[in-house]
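First comes the structure, then the notes that go with it.
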Amino acid sequence: MVAITLPDGSVRQFDGAVTGTQIAENISKSLAKKALAMKVAGVLCDLFATVDHDASVEIVTREHPDALELIRHDAAHLLAQAVQELFPGTQVTIGPNIEDGFYYDFARDVPFSTDDLAAIEKRMAEIVDEDRPTRKEVWDRDEAIKRFNDIGEKYKAEIIADLPKDEDVKIYFHGDWHDLCRGPHLPSTKHIGKAFKLMKVAGAYWRGDHRNAVLHRIYGTAWANEKDLKAYLHRLEEAEKRDHRKL
């Protein structure tokens with residue numbers, strides 16, 4: 001038996017290992033529909049991860065303080081999917097969360113223009129509508145390096161080669177598209193929502209070293225809902241007006 005202690009102190013008993021989705025469904029069907037992830041003993045985990053021991057578990061929904069980090073993380077993956085579909089041959093490198101948003105660095109011969117951003121945003125929204133499911137696989141390190149090299153993703157292969165030897169090589173799939181990532185991630189692209197906007201393009205050296213290749217960075221912002229996105233964009237607009245008046 002596995003005893004799951006919920007935030008209100010109540011305990012749910014399960015016959016064996018149980019996923020976050022199953023825990024949410026056991027609590028209520030409405031919660032299961034809203035669930036994005038879970039926290040096991042305070043650690044953020046995928047909903048499809050299993051809990052095989054007695055533990056405290058909290059279901060993370062869109063209103064949870066940790067939800068925004070997940071949404072932005074998935075939005076970075078969403079951006080990478082859209083770019084590779086619209087611009088075949090583009091290599092992905094890294095795409096972390098940053099304050100108020102995310103970015104992703106890409107390797108390609110031609111820089112992105114600001115005109116490209118609208119097309120990429122449109123494709124991102126379409127992928128959200130496609131509701132591509134998320135799953136995780138753990139690959140053998142040497143096999144992972146070979147597979148990424150075989151598809152022309154030399155930057156990903158280099159990152160994998162440099163991982164600590166005791167670290168699992170986690171590959172997250174969103175539909176067929178996949179990327180090296182520590183996770184966790186949302187259950188599917190639908191859960192990202194469409195409260196995102198691509199902000200600007202820039203150049204960046206691979207691994208921040210001026211001796212390395214110049215990559216092409218796209219910055220974006222993402223929020224839990226459209227209201228928060230509009231409020232953020234309004235704050236930026238007002239700040240720009242204040243800066244302009246100072247000139």
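A few notes on this one:
- The stretch 199-233, subset polar (S, T, N, Q) and touching a strand residue (DSSP E or B) at 6+ places or on another chain (Cβ under 6 Å), residue nearest to Gly95 (Cα to Cα): Thr221
- Helices (runs of 4 or more DSSP H) wholly inside the stretch 100-172 containing at least 1 residues that are open to solvent by 60 Å² or more (accessible area, probe 1.4 Å), basic (Lys, Arg) and farther than 23 Å from Ala202 by Cα: 141-150
- Extreme residue, least open to solvent (accessible area, probe 1.4 Å), among residues of the stretch 32-48 that are within 13 Å of Val18 (Cβ to Cβ) and touching a Pro at 6+ places or on another chain (Cβ under 6 Å): Leu47
- Of all residues in the stretch 61-99, those being within 17 Å of Lys39 (Cα to Cα) and open to solvent by 10 Å² or more (accessible area, probe 1.4 Å) number 9.
- Which numbered condition Trp177 fails, given (1) hydrophobic (A, V, I, L, M, F, W, C); (2) closer than 15 Å to Tyr104 by Cβ; (3) open to solvent by less than 50 Å² (accessible area, probe 1.4 Å); (4) in contact with a strand residue (DSSP E or B) (Cβ under 9 Å, 6 or more places away or on another chain): (4)
- Checking Arg211 against (1) of a type outside the set (Ser, Thr, Tyr); (2) open to solvent by 90 Å² or more (accessible area, probe 1.4 Å); (3) within 20 Å of Glu69 (Cα to Cα), the condition it does not meet: (3)
- Test: residue in the stretch 58-73 that is part of a strand (DSSP E or B) and under 17 Å from the mean Cα position of the chain (by Cα): yes
The values are calculated or read from the model by the stated rules, or taken from the named source; none is laboratory data. Computed from a predicted structure; not experimentally measured. Note: ideal-geometry Cβ built from the backbone for every residue, glycine included; neighbour counts use all protein chains shown. Note: areas computed on protein heavy atoms with side chains; ligands, DNA, RNA excluded. Shrake-Rupley method; radii C 1.70, N 1.55, O 1.52, S 1.80 Å.
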